[in-house]
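Visitor: Just dropping this structure here.
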Amino acid sequence: MIAGKTLKDWLEAYPLLESLMETKEIFWKNEQKLSFAQGNKTLPLSLNDINEAKERFQRFAPYVKEMFPETVQTEGIIESPLRYIPTMKGQLEACYRKNLTGELLLKCDHELAAAGSIKARGGFHEVLKHAEFLAIKHGLVTKTDNYRVFADSEFKDVFNNYSIVVGSTGNLGLSIGIIGTALGFRVTVHMSSDARQWKKDLLREKGAVVIEHTKDYGLAVSEGRKEAEKDPSSYFIDDEHSLDLFLGYAVAAKRLKDQLDENGIVINEKRPLFVYLPCGVGGGPGGVALGLKLLFQDNVYCFFAEPTHSPSMLIGMMTGEHDRLSVQDFGIDNKTAADGLAVGRPSAFVGRLMTPFIDGIYTVSDSGLFKLLTCLADSENIYLEPSALAGMPGPFRLFHQKGFPMKNAVHVVWATGGSMVPKKEMQEYYQRGKSHIEE
């Protein structure tokens, strides 16, 4: 029995489950999607909440500039470029034998300073908000002060009395460890066995404590939560339920709109925006997607992309069971080279919140991810980690779907990480992709 039903019952109710169990690449169209006006009625947050998060990043910019020299040119604002990728577009058109009208752009969150992934948004935001709360509580700062003072030793002395705990498959833990230890917090990261070794090594180098778990992401989060509950000075960052993480990611939507404006791209009914987001537990892509919906409403179409071996958000959202079901319930092993997406049970918070707004979810095989990795490196000289390629086939997966106004669309693929991958490991990724292409 699975959540009170037999497997036969589940398959009869949701025929797509059979293909998911066979780890095939599939596309699921969300028939529960509502118009923005309808869905917006139940939202627990607004553009004002996103603006508050954006203003917090701005207050901390002098501190970030001081601590992370790579942000000097951007005055302490951590943001990534938006790039046209015409050569890659041509490669994809040849591969899929379809011509894609409109622009294909890459949102380069793999280039985000300090943490090298999209987690520099949500992870940094929640830690900075916690640091701000404690600093105000201890009378060290007011919101009108220059936040460069957060780099002073008296702040670190106070923060060293507090700990931050997080469970992660990799990049979230890395971002929390980088900003948390820089501020002076004691940081513990519970990591799943499928997290990359170099991420664990870098965290330890930064001064974080890394606790490894032989099972998957879900156990790492559970153990992190238990540890934090034992210590009143400990703050647990909950990747599955955190609104502060979510808001940090949502700020990206406003930044993307500014970049589209700079490129003369006006999004409207005649020129809609399509965005393709790699999805693990759901916080990062969910936050970005909701921010985009608040800004562009019915003129933006958002899609999540998951590995064929970890389609947790797809199963949760399709069935409406969310975190009550895991991929393992259906015999799917949750083993993928896309470590940041290796999540067996999705965030119920994100799944329920985003069901009225997400247009669809599709899955990508590991071999497909590696092929795309090599193609992007060869065509654009851009190197991403495997999980960050999940969005890339999105526009071409829509050709067989009805009801999407693609004729004059602007397509944005979200590249979530990769710049901090060691050169040797990236070369191994590249060669693996090459071997799949040659098969």
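The values are calculated or read from the model by the stated rules, or taken from the named source; none is laboratory data. Source: prediction; values computed, not measured. Glycine gets a Cβ as well: all are built from the backbone with ideal geometry, and neighbour counts include every protein chain shown. Note: accessible area is taken over every heavy atom of the protein model, side chains too, but ligands, DNA and RNA are not part of it. Shrake-Rupley method; radii C 1.70, N 1.55, O 1.52, S 1.80 Å.
Visitor: For helix 243-262, what angle does its Cα long axis make with the longest principal axis of the chain, in degrees from 0 to 90 and rounded to 10?
Guide: Here the helix axis deviates by roughly 70 degrees.
Visitor: Check each of the trypsin sites (Lys or Arg not before Pro) in region 48-138 and keep only those in coil by DSSP with at most 16 other C-beta atoms within 10 angstrom; list them in order.
Guide: Here the trypsin sites (Lys or Arg not before Pro) that fit, given the DSSP loop and packing criteria, are ARG97, LYS98.
Visitor: So which GluC sites (Glu not before Pro) in region 63-130 end up in coil per DSSP with only 13 or fewer other C-beta atoms within 10 Å?
Guide: Listed in order of number, the matching sites are GLU75.
Visitor: Next question. Sorting SER35, SER310 by accessible area (1.4 Å probe), largest first, what list results?
Guide: Correct descending sequence by accessible area is SER35, SER310.
Visitor: Can you list the HN-Hα couplings for region 61-68, worked out from phi with the Karplus curve (6.51, -1.76, 1.60; θ = phi - 60°), rounded to whole Hz and with x for Gly and Pro?
Guide: Whole-Hz 3J(HN,Hα) from phi for region 61-68: 4, x, 5, 4, 4, 5, 8, 10.
Visitor: Mean separation of Cα pairs under 8 Å and 6+ residues apart, divided by the residue count of region 202-319: what relative contact order is that in percent?
Guide: 23
Visitor: Measure nothing fancy, just the Cα-based angle from helix 171-183's long axis to the longest principal axis of the chain, in degrees from 0 to 90, nearest 10.
Guide: 10
Visitor: If you wrap a convex hull around the Cα atoms of the chain, how much volume per residue is inside, in Å³?
Guide: Hull volume over Cα atoms, normalised by residue count, gives 142 Å³.
Visitor: Ignoring any ligand, DNA or RNA, what whole percent of the accessible area of region 35-102 comes from carbon and sulfur when the probe is 1.4 angstrom?
Guide: Reported share for carbon and sulfur atoms: 49 percent.
Visitor: What percentage of the solvent-accessible surface of region 323-396, computed with a 1.4 Å probe over protein heavy atoms, is contributed by carbon and sulfur atoms?
Guide: Ligands and nucleic acids excluded, carbon and sulfur give 45 percent.
Visitor: Looking at region 167-225 from every direction and averaging, what is the projected area of its Cα convex hull in nm²?
Guide: Its average projected convex-hull area is 3.3 nm².
Visitor: What do you get for the angle between helix 366-380 and the principal long axis of the chain? Use alpha-carbon atoms, 0 to 90 degrees, nearest ten.
Guide: 80
Visitor: Aspartates and glutamates near LYS199 by alpha-carbon distance under 13 Å, same-chain residues fewer than 8 away left out - which ones?
Guide: GLU212, ASP339, GLU385, GLU425
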